[in-house]
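Each value in this text was obtained by applying a stated rule to the coordinates, not by laboratory testing. All of these numbers come straight from a predicted model, not from anything done at the bench. Heads up, the Cβs are rebuilt from the backbone with ideal geometry, glycines too, and the neighbour counts pull from every protein chain shown.
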């Protein structure tokens with residue numbers, strides 16, 4: 001291939017680029033662009049086109065007429081949504097589960113990380129880490145199936161109780177215990193994986209601080225309180241804020257899989273609501289309205305959470321630039 | 001064994017015992033259910049009957065359940081589907097992600113800011129289930145295996161992690177290669193990738209596990225249950241309790257061996273879903289180093 005060789009400084013991307021004309025930059029960077037295009041194409045088709053597709057929330061959409069042929073109905077679907085008791089049940093369940101997990105799930109990885117960090121033997125620690133990270137890579141179907149085999153009506157616990165002459169007791173179908181069950185499943189699956197970021201933060205704490213405190217007579221617990229926890233504070237705050245920004249996302253599959261066993265009253269969350277209401281009945285626009293509602297509230301929460309993060313002097317998920 | 005720093009007091013016997021007990025319980029809570037499931041899947045009908053269900057102590061062992069599963073039929077096909085989707089999907093995803101991550105990692109290149117922004121924006125807003133479903137349907141991908149791959153082919157999260165890693169490679173190295181006349185494809189292949197084996201392995205694992213575990217996309221997009229991936233089979237036969245072997249056949253013997261009990265077969269399906277993850281995991285686990293994961297979490 002015949003090619004004019006450009007001046008050397010035009011080849012290096014880290015040197016001053018602002019002065020080069022667009023044509024020269026294109027000639028220099030076309031390969032980089034070509035590498036990016038396929039991924040961007042998929043992103044546009046499967047993210048941005050559906051994002052625009054949310055306009056059907058303002059229509060009475062039917063697949064035969066398409067977006068162009070379906071009648072516009074303004075905010076009708078949203079009015080319907082807000083007067084739908086099942087929607088409020090789903091919203092209430094979602095928010096309750098988030099709040100519950102904030103108290104009973106969120107601190108677990110922190111405690112586990114501190115515990116792991118205190119294990120002196122490196123090999124033992126790596127072994128335990130390997131074990132507790134693992135369930136993160138199991139699918140929800142698998143996790144629910146395992147829980148069912150251990151705690152379900154025909155599971156190991158019931159089997160053991162029955163053989164010991166007790167009345168078996170099925171946790172998997174009890175709506176009142178459902179929130180505890182899903183939190184236990186989340187802890188089992190993801191709390192170990194969640195320790196990674198805290199372990200890294202713990203490793204970054206200067207050990208001289210501990211030594212100086214110990215020399216000054218600070219006990220183990222005082223060191224934990226005055227050195228370890230302040231050292232973890234930025235990470236804890238960051239993850240807390242991220243979690244709040246994600247309050248309407250409690251996960252889909254876990255609830256979808258167990259909704260039949262405990263009933264919609266306890267197990268319906270926003271995502272499963274959209275699924276059952278739309279794909280089962282063909283109310284496309286209504287489902288899109290529910291999805292759009294969730295997406296927009298999520299967007300607001302993330303933006304607010306980041307504002308709060310910046311106020312606390314933390315980075316948040318995006319920087320101000 | 002790392003030694004205790006001199007300033008640290010010796011732990012009390014009580015404290016040490018407590019810590020050991022807690023850590024042991026945690027490890028057992030992870031390992032024991034898997035042990036029980038694997039053991040039951042390997043047990044004969046008699047052992048399962050004697051145990052009254054799940055087997056906790058090894059008795060008679062047999063591979064009948066696996067023979068039944070892999071003797072053709074629903075599970076065999078589902079394993080093939082899941083394997084195919086996982087292999088094709090992972091190769092495609094990893095390729096697209098590496099290319100895009102590198103393409104967006106050179107400071108000052110044309111359009112890299114707006115394109116990167118397109119990816120970052122996906123963290124803030126998800127389009128929602130219904131429009132996503134409709135676009136897949138419009139493209140005619142319902143009941144096509146591509147519906148399990150294309151919509152999730154590029155994860156912005158993985159792309160950002162990988163890009164952050166590439167950006168840490170000193171620019172001078174790449175610039176000197178450019179001056180020597182190397183194309184960007186060549187630089188990526190010969191310089192960048194060999195320096196990024198760890199991050200590539202971890203991202204590859206993330207994608208592979210994602211495809212192997214893919215459940216909900218299949219619920220949405222695959223109506224033909226002859227095309228179901230393994231996770232849907234797992235749900236139908238294990239979670240929903242459908243029997244793979246009809247009950248009246250359980251008294252027969254086929255091909256010289258007694259049919260395995262349904263419970264063992266169900267547990268074997270769990271094991272089949274579990275094993276690929278357990279096999280790859282140890283090789284990648286050592287790469288879960290600080291760099292990759294912290295970049296990952298900060299996104």
Can you give the angle from 0 to 90° between the axis of helix B:129-138 and the longest principal axis of chain B, with both taken from C-alpha atoms, to the nearest 10?
90 degrees
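Can you give me the relative contact order of chain B as a percent, contacts being Cα pairs under 8 Å and 6 or more apart?
Result for chain B is 30 percent.
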Classify the stretch B:13-90 as rounded, prolate or oblate, taking a ≥ b ≥ c as the square roots of the eigenvalues of its Cα gyration tensor: rounded when a/c is under 1.5, otherwise prolate if a/b is larger than b/c and oblate if not.
oblate
Can you compute the equivalent ellipsoid semi-axes for the stretch B:1-132, i.e. the square root of 5 times each eigenvalue of the Cα gyration tensor, sorted largest first and rounded to whole Å?
44, 36, 15
Please work out the C-alpha center-to-center distance from the stretch B:27-63 to the stretch A:290-310 and express it in whole Å.
47 Å
Nearest-0.05 FRET efficiency for residue A:265 and residue B:21, computed from C-beta distance (R0 41 Å):
0.60
Cα gyration tensor of the stretch B:65-138 diagonalised, 5x eigenvalues square-rooted, in angstrom largest first, produces semi-axes 38, 19, 9
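Let a ≥ b ≥ c be the square roots of the eigenvalues of the Cα gyration tensor of the stretch A:26-101; is it rounded (a/c under 1.5), or, if not, prolate (a/b larger than b/c) or oblate?
Numbers: a/c = 4.46, a/b = 1.59, b/c = 2.80.
Cα axes put the stretch A:26-101 in the oblate bin.
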Fewest Cβ neighbours within 10 Å first, please rank B:230, B:124, B:54 accordingly.
B:124, B:54, B:230
Using the Kirkwood radius over Cα pairs, work out the Stokes-Einstein diffusion coefficient for chain B at 4 °C and 1.567 mPa s, in µm²/s as a whole number.
56 µm²/s
Counting only C-alpha contacts under 8 Å and six or more residues apart, can you give the relative contact order of chain A as a whole percent?
23 percent
In peptide B:21-27, what is the residue-averaged number of other protein chain Cβ atoms found within 10 Å of each Cβ?
4
I need the fraction of alpha carbon pairs in the stretch A:164-321 separated by more than 22 Å, rounded to a whole percent.
63 percent
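Sort B:175, A:84 so the one with the fewest other Cβ atoms within 10 Å of its own Cβ comes first.
Neighbour counts put them in this order, fewest first: A:84, B:175.
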When all C-alpha to C-alpha distances in chain A are sorted into bins of 10 Å, what percent of pairs does each bin hold, rounded to whole numbers?
5, 17, 21, 22, 18, 12, 4, 1, 0
Per the C-alpha gyration tensor (a ≥ b ≥ c, the square roots of its eigenvalues), the stretch B:189-228 is rounded if a/c is under 1.5, else prolate if a/b beats b/c, else oblate; here it's prolate
With a 10 Å Cβ neighbour count serving as the proxy for reagent exposure, in which order, fewest first, do A:142, A:238 appear?
A:238, A:142
Take every Cα-Cα distance within the stretch A:144-209, group them into 5 Å bins from 0 onward, and report for each bin the whole-number percent of pairs it holds.
4, 16, 16, 16, 12, 9, 8, 7, 6, 5, 3, 0
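What does the convex hull of the alpha-carbon atoms of the stretch B:95-231 project to on average, in nm²?
9.8 nm²
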Relative contact order for the stretch A:19-142 using alpha-carbon pairs under 8 Å, separation at least 6, rounded to a whole percent?
10 percent
Full-extension gain between residue B:283 and residue B:70, please, as 0.36 nm times their residue separation minus the C-alpha to C-alpha distance.
74.0 nm
Using only atoms on other chains, find how many Cβ atoms lie within 10 Å of each Cβ of peptide A:205-214 and report the average.
2
Distance in nm between residue A:95 and residue B:28 label points, each 7 Å along Cα→Cβ, equals 4.1 nm
Based on alpha-carbon centroids, what's the gap between the stretch A:45-102 and the stretch B:128-198 in Å, whole number please?
31 Å
R0 = 56 Å: FRET efficiency of residue B:3 with residue A:82, Cβ-based, nearest 0.05?
0.30
Please report Rg (one decimal) and Dmax (integer) in Å for the Cα set of the protein assembly as shown.
26.9, 88
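To the nearest whole number, what is the average tally of beta carbon atoms from other chains within 10 Å of the beta carbons of peptide B:116-127?
That average works out to 6.
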As a test of the formula, what do you get for chain A when each DSSP H run with n ≥ 4 contributes -39,500 (n - 2.57) and the sum is divided by the residue count, at 222 nm and rounded to the nearest 500 deg cm²/dmol?
-19000 deg cm²/dmol
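Expressed as a whole percent, how much of the Cα-Cα distance distribution for the stretch A:75-200 exceeds 25 Å? List each step's numbers first, then the result.
Values: 3596 of 7875 pairs.
The answer is 46 percent, as a whole percent.
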Where in the stretch A:25-59 does the amide nitrogen come within less than 18 Å of the point 7 Å from the Cα of residue B:195, taken along Cα to Cβ?
A:32
